[in-house]
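This report refers to the structure that appears directly beneath it.
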Amino acid sequence: MTSVRGKVAIVGAAETTRLGVIPDMSAVELHAESARNAIADAGLTNADIDGVACAGQSPVAMAHYLGITPKYLDGTTVGGCSFMLHVRHAAAAIVTGMCEAVLVTHGESGRSRVGVGGWGGAGGATLQAQFESPYGPTGAPSMFPIGVLRYMKKYGLTHEQLAKVAVVQREWAKDNPRAMYRDPITVDDVLNSKLIAYPMHLLECCLVTDGGGALVVVSSDRAKDFPQKPVYVLGTGESSETPMISQMEDFTQSKAFRVSSEKAFDEAQISRDDVDHLMIYDAFAHLPIYGLEALGFVGPGEGGPFIEEGNTKPGGKLPMNTNGGGLSYTHTGMYGMFALQESVRQVRGTAPAQVAGVKISVAQGVGGMFAAAGTVILTNEEV
Amino acid sequence: MSDVPRKFAPKPSPETQPFWDGCADGELRLQRCIPCNELYFPPHPACPRCLSDDVKWETLSGRGKLHTYLINHRAAPGFEPPYAIAVVELDEGPRMMSNIVGVEQTPEALVLDMDLEVTFEKRGEVMLPLFQPAGAQS
Ligand SMILES: [Zn+2]
């Protein structure tokens, strides 16, 4: 069986120059600036790019905006993990000769809402509109954590353990000058912050920011010809469960996380013990807990205690969400790109809160509300 | 049953119309697959398990249990926070999102796995299924 294991590499990676509150840039330009930064990071020009992948904007629009004549387009838009899928698809495209250099872009004016379209406006007749919208949701915070109480009842997760997720990630953000929030917080601070949707408090919900990021993916055969240390794509996976969170098979676990990550670990031919660094998309504080379990780092119900015991914090044995995550670093809306960027930095050895000796990093993304998932495993060692 | 026009009103699609017709008659109706016996939600013409379109509408008991929920502290149009957005597990198996009425919207009053029964609220053109503690008067 043909595998893309190790056969492509990320040779360009960058975020928007500014991050957080950028009221003077529209969404399309956040994509484009990231793209220019990533192309420059790779030492390339737009003439060298022949594949474009993005979510939020049409790849047709981005290719035109950036003066690229593409031979490969990927507009896969499955929420915040779309970029994990873009990297995965790019690997397949490059390995099979469909194109040579794929640019993956993200940009979102999540906070300032500059140059952004309205919400879908499908009216009341979709299945979600008929069977979820009538019950008073007000965006992701009022829906995504709906399974948390079930999880608490099943496994005994405490409010303090949930709060600790946010506390630990703030410890990482402390060392990251680009993080939106860097001041240390305590479990009490979290539990005393405003209730958004019980059991979730404000500090257990992600930020809403402006920003973008982009990647350049090429064949590993030429990966050493670029200015940056190559970051090889060792394994990838993707999956989906349901667009309606009320229809999850089991509210205490993410099937999409499990299927996607199993595929990625199989492809990478590594075990969980081989992982030096981990990013789990944290739209809300329960996601790292669900993620640790779905990815097989701990057993069911063990995610909360694992974080509480300090295993994922600075100095812990499994450093996780080392940029501060969606809870403290940034969250434009589709945060998966920033998880990938941090994995690339850690593998290159250039992260603000660098973990010593990272050889293998896993980035786990979520799309929608446990609707979709994408996994990318990166390494700095040639396969 | 009160008319609350400001809240979001669902619009039946051709595939779901019989479900909403059932609600208008004060009944929860879902489709059951004849070959594989799967009872499923949301409604659509073919069984999600085996893809057979040999399915028939069936009237359910209207009873269920509070499977999970959160308490929203921000107001959707027409809603007064805090209010619970819940997932109800029907006695027959499928789960659906709903609101729980006739009970305080607090973690103390809303106990997981408590027994519930369906009730209906007029919402636009349809009767929307909600749930209340079993045995309460609608
Ligand atoms: Zn069937």
I need the shape label for the stretch A:240-329. Rule: rounded when a/c is under 1.5, else prolate if a/b > b/c, else oblate, with a, b, c from the alpha carbon gyration tensor. oblate
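Which longest uninterrupted range of chain B lacks any GluC sites (Glu not before Pro) assigned by DSSP to a loop state (not H, G, I, E or B) and surrounded by at most 12 other Cβ atoms within 10 Å?
With a cap of 12 other Cβ atoms within 10 Å, the longest stretch comes to B:1-103.
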Pick out the long, greasy-scoring helices in chain A: whole DSSP H runs spanning 15 Å or more along their own axis by Cα, mean Kyte-Doolittle at least 0.5. A:82-95
Can you give the FRET efficiency to the nearest 0.05 for B:Asp53 and A:Ala125, using r as the Cβ-Cβ distance and R₀ = 30 Å? 0.90
The distance between the Cα centres of the stretch B:93-138 and the stretch A:154-211, in whole Å, is 31 Å
What figure in square angstrom, to the nearest 10, would you give for the accessible area of B:Ser52 with a 1.4 Å probe? 20 Å²
Peptide A:145-154 - average C-beta neighbours from other chains (10 Å radius): 5
For the stretch A:154-251, listing GluC sites (Glu not before Pro) in a DSSP loop whose Cβ sees at most 14 other Cβ atoms within 10 Å gives A:Glu249
Averaged over A:90-99, how many beta carbons belonging to a partner chain fall within 10 Å of each residue's beta carbon? 0
Report A:Arg182's accessible area, 1.4 Å probe, all protein chains in place, as a number in Å² to the nearest 10. 100 Å²
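The values are calculated or read from the model by the stated rules, or taken from the named source; none is laboratory data. Owing to the predicted nature of the structure, the values given are computational and were not obtained by experimental measurement. Cβ coordinates were reconstructed from backbone atoms using ideal geometry, including for glycine residues, and neighbour counts include every protein chain displayed. Protein only, heavy atoms only, side chains kept; ligands, DNA and RNA dropped before computing areas. Shrake-Rupley method; radii C 1.70, N 1.55, O 1.52, S 1.80 Å.
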